[in-house]
Amino acid sequence: MERIIKDLEFSARRLEPDIIERKKLLGKVIGYCQEFLNDLPNLPSYHFTEDKGRDINNWPIVDEPGEIDNLLNLIKTNVDSPGLNPASGRHLGYIPGGGIFHSALGDFMADITNRYAGVFFASPGAVRMENMLTNWMASIVGYPETAGGNLTSGGSIANLIGIVTARDAHSIKARDIEKTVVYMTAQAHHSIDKALRIGGLNECIRRLIPLDNSFRMKPEELERAIIKDRNSGLNPWLIVASAGTTDVGAVDPIVEIGQISRKHNLWLHLDAAYGGFFILCPSGKEVLKGLDKSDTIIMDPHKSLFLPYGSGAIIVKDKLKLLESHHYSANYMQDTEASREEFAPGDLSPELSKHFRGLRLWLPLKLLGLRPFRDALEEKIQLSRYFYREISKLSGFELGPFPELSVVTFRYKPKSGDINKFNKALLNEIQKGERVFISSTKLKNKFTLRLAVVSFRTHLDTIDELIEILKEKVAFLTK
Ligand SMILES: *Cc1c(COP(=O)(O)O)cnc(C)c1O
């Protein structure tokens, strides 16, 4: 028996590389990453390929070991080449993500040390670090000391946690759902609808409040709808407002909406997944007034704090409401309860065992300090306003609302022909060029181009390049 065990041990020990093997693998992987970063300024922002990474399927998971050089090659050609390149500063579509280097170091450390950040007893320091980060977010939003939150994998999960918390805080039970009303706008992110559905609330009534000319919720219409619903025996429950919509970057009038929510006793959930961290810079602070009037707010460090994907956050003004919706107990967890000094992600979210995602946020913030984040955010706003100004100087372009944050919508009006078709062709030409990537949307049923400046790698030269490409492609399509 011992011989069998020893044989198994010999094979199992392959899971623990020695220092020589570690050095070799680190050298290869770091070499790959360094080359990627060196090449990045010249890599396409979107790469169209025939095979779309299909070759990955020709390398099934088998018993035998692989060779690191081959595997890095497979990743390079099948994963890091086809499709969108979110690491590129020339990615200006949708809401670009980040990917700061220092976060990767935090992730690497978190993976090596593998601290258990779900439970206070298991890793009090890791839990304190994550709580300290959510408390910091609560403070920049202007929430009181009662606030707390959770670092999530992204905004969609954060919205789900927020909506479930709001549901329980207002004691919405299955029998109440059909009479329960949610107020939002047509510009609300689709993850709100998804969260309502996953949260068992799909049968509730959704009131889409009319928008002003800049795609912001009209507060007087909101109040009118609430009063009307209450008078007809319905249960007005939740207002979902946006602090930076995905489509146009619009910020709803949060101060007024906050007053209405308090006056009529509704829960106010703020979706600031994209816009939230702009509060850190002067122009953003001017636009994002009244965030503290909400009951819950979500913000994505993987958007406006330039982190790699996998970082969202939910902050709740009254931490206990978050706890009431998510705490648990189990016999096999009994010895973790006694020494608890702080609530942990296991108490405050649907998760238990989880990635220690605090470190990827804490390390860059501490290493770099807040200053470069503040300045990069202000730079993004100024870049989008610069683009807005430069495009308005060109003849033939029609612009959407002035960018309060960092999204600009626009389209070209050719002298003749179908405007929608022209802009679709223009977008196609720009994307096919692979140099800069912008995306499109439909506003008031019109095909509209949009630019979102969110990447920390986007600077003035990229915006100038985009303007040149726009001029060139318009000239090409109108000749
Ligand atoms: C991106 C976004 C979301 C969803 O966040 P994910 O991190 O992609 O899950 C929600 N709301 C808004 C306004 C967004 O821009």
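The values are calculated or read from the model by the stated rules, or taken from the named source; none is laboratory data. Being a predicted model, the structure only gives us computed values, none of them experimental. Cβ sites come from the backbone with ideal geometry, for glycine too, and all protein chains shown count toward neighbours. Ligands, DNA and RNA are stripped out before the accessible areas are found, and what is left, the full protein with its side chains, is counted by its heavy atoms. Shrake-Rupley method; radii C 1.70, N 1.55, O 1.52, S 1.80 Å.
Rounded to the nearest 5, what % of DSSP beta bridges with both residues in the chain are antiparallel?
Working: 25 of 42 bridges.
So the antiparallel bridges in the chain amount to around 60 percent.
Remark: relative contact order (the stretch 2-85) = 40 percent; criterion is Cα-Cα distance under 8 angstrom and separation of 6 or more residues. Accessible surface of the stretch 16-163, 1.4 Å probe: 60 percent of it comes from carbon and sulfur atoms. Note the direction-averaged projected area, equal to a quarter of the hull surface, for the Cα convex hull of the stretch 63-202, in nm². Across all orientations, the stretch 63-202 yields a mean hull projection of 14.5 nm².
What ranking, highest mean first, results for peptides 132-144, 290-302, 48-60 when packing means the other Cβ atoms within 10 Å averaged over each residue?
Details: 132-144: 18.3, 290-302: 25.7, 48-60: 10.6.
The packing order, highest mean first, is 290-302, 132-144, 48-60.
Compute the Cα gyration tensor for the stretch 121-160, then decide on rounded, prolate or oblate, letting a ≥ b ≥ c be the square roots of its eigenvalues: rounded whenever a/c is under 1.5, prolate when a/b is larger than b/c in the other cases, and oblate in all that remain. Oblate, because a/c is 1.5 or more while a/b does not exceed b/c. Summary of the geometry: the stretch 325-342 and the stretch 2-22, compared by the centres of their Cα atoms, lie 36 Å apart.
Applying a 10 Å radius around every beta-carbon, put 93-103, 234-244, 35-45, 359-369 in order of their mean neighbour count, most first. Can you show the working numbers first?
Details: 93-103: 20.8, 234-244: 26.3, 35-45: 13.5, 359-369: 18.5.
Those peptides, ordered most packed to least, come out 234-244, 93-103, 359-369, 35-45.
When the scattering of the stretch 2-85 is computed by the Debye formula from its Cα atoms alone, each counted once and equally, what is log10 I(q)/I(0) at q = 0.15, 0.16, 0.25 Å⁻¹? Values, matching the q order: -0.74, -0.81, -1.24. The Stokes-Einstein estimate for the stretch 371-478, based on a Kirkwood radius over Cα pairs and taken at 37 °C with 0.692 mPa s viscosity, is a diffusion coefficient of 230 µm²/s.
Summary of packing: across the peptides 401-413, 173-185, 71-83, the per-residue average of other C-beta atoms within 10 Å ranks them, highest first, as 401-413, 173-185, 71-83. Calculated accessible area for the stretch 371-478 comes out at 46 Å² per residue, all protein chains present (probe 1.4 Å; ligands, DNA, RNA ignored).
Each of D168 and E67 was given a label point 7 Å from its Cα along the Cα-to-Cβ line. The distance between the two points is 5.4 nm. In this entry, the stretch 193-241 is assigned a mean projected area of 3.8 nm², taken as a quarter of its C-alpha convex hull surface. Here is how the number arises for the chain: DSSP H runs of 4 or more residues each give -39500 (n - 2.57), the sum is divided by the residue count, and the result at 222 nm is -13500 deg cm²/dmol.
Each of P219, G98, V454 was placed along the dipole of the chain (beta-carbon charges, centred on the mean Cα), and the one lying farthest toward the positive end is P219. Computed about the Cα centre, the dipole magnitude for the chain is approximately 1580 debye when only Lys and Arg (+1) and Asp and Glu (-1) carry charge, each at its Cβ.
For the pair K6 and T113, a Förster radius of 25 Å applied to the C-beta separation gives a FRET efficiency near 0.30, rounded to the nearest 0.05.
Simple rule: put +1 on each Lys or Arg Cβ and -1 on each Asp or Glu Cβ in the stretch 251-341, find the dipole, and look at H269, V287, N331; the Cα lying farthest toward the positive end is V287. For the stretch 441-457 and the stretch 223-240, what is the separation of their Cα centres, given in Å? Their Cα centres are 33 Å away from one another.
Per residue, the stretch 106-368 exposes 42 Å² of solvent-accessible protein surface, assessed with a 1.4 angstrom probe and all protein chains in place. Distance from the alpha carbon centroid of the stretch 29-98 to that of the stretch 144-197 works out to 35 angstrom. In plain terms, the C-alpha convex hull of the stretch 186-310 casts an average shadow of 8.0 nm² when viewed from every direction.
Of all DSSP beta bridges in the stretch 212-306, what percent run antiparallel (nearest 5)?
Numbers: 1 of 9 bridges.
Taking every DSSP beta bridge with both residues in the stretch 212-306, the antiparallel ones total about 10 percent.
A Cα-only calculation for the stretch 412-462 places Rg and Dmax at 12.6, 39 Å. Summary value for the chain: 21 percent relative contact order, contacts being C-alpha pairs under 8 angstrom separated by 6+ residues. Magnitude of the charge dipole for the stretch 265-365, about its Cα centre and with charges confined to Cβ atoms of Lys, Arg (+1) and Asp, Glu (-1), is about 400 debye. Each principal axis of the Cα cloud of the stretch 106-368 was taken in turn, and the coordinate range along them, longest first, works out to 55, 45, 28 Å.
Taking every DSSP bridge with both residues inside the stretch 106-368, close to 40 percent are antiparallel. Each principal axis of the Cα atoms in the stretch 15-61 has its own extent, and those three values, largest first, are 41, 31, 9 angstrom. A P(r) calculated from all alpha carbon pairs of the chain, with 20 Å bins opening at zero, reads 21, 50, 26, 3, 0 percent. Relative contact order, whole percent, for the stretch 243-291 stands at 45, derived from Cα pairs under 8 Å and 6 or more residues apart.
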